[in-house]
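Below is one structure, written out as structure tokens; the observations come after it.
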Amino acid sequence: MSYAGSIMGVTGSGPHDALRLAHGLTGKNDQTPSVLAKLATSGKYTDKTTGTSAKFFTEVGAKIGLTVNQYTASASNIQLVLGNCASWPCSSRPEASPHRTRTGPW
């Protein structure tokens, strides 16, 4: 499937991460990677540089049952999030898609 200027296997980690979190945290299985990729594309949450924008998670996440918070990277925020046992997709640049989760590959 084409996604964000490439294929899902290359640039589609955002929809996959959102799906994995939604399934694991809500127990719902009514979404698929292709459905979330279509939502990201139609909502203009993608581009060829970052893949999936952070806004995809805050805006579409709520629609699929997730509560999404953004934090400024800092030691205290990392301790706060991990201390609350939250799942934590993260990115290394401001508008990049989250590439890893606490339960996923590092």
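The values are calculated or read from the model by the stated rules, or taken from the named source; none is laboratory data. Keep in mind it's a predicted model, so treat the numbers as computed, not measured. Backbone-built Cβ (ideal geometry, glycine too); neighbour counts: all protein chains shown. These area figures cover heavy atoms from the full protein model, side chains too; ligands, DNA and RNA do not enter into them. Shrake-Rupley method; radii C 1.70, N 1.55, O 1.52, S 1.80 Å.
Overview of results
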| item | result |
| --- | --- |
| Sole residue being crowded, with 16+ Cβ neighbours inside 10 Å, in contact (Cβ under 8 Å) with a residue 40 or more places away in the chain and not aliphatic (A, V, I, L, M), chosen from ASP47, ASP17 | ASP17 |
| Residue within the stretch 76-86 that is surrounded by 10 or more Cβ atoms within 10 Å (Cβ to Cβ), in a loop (DSSP other than H, G, I, E, B) and modelled with pLDDT under 80 present | yes |
| Residue, farthest from TYR3 (Cα to Cα), within the stretch 50-74, restricted to residues that are open to solvent by 70 Å² or more (accessible area, probe 1.4 Å) and in a helix (DSSP H, G or I) | LYS63 |
| Filter result (in contact (Cβ under 8 Å) with a residue 60 or more places away in the chain and open to solvent by less than 40 Å² (accessible area, probe 1.4 Å)) within the stretch 21-41 | LEU21 |
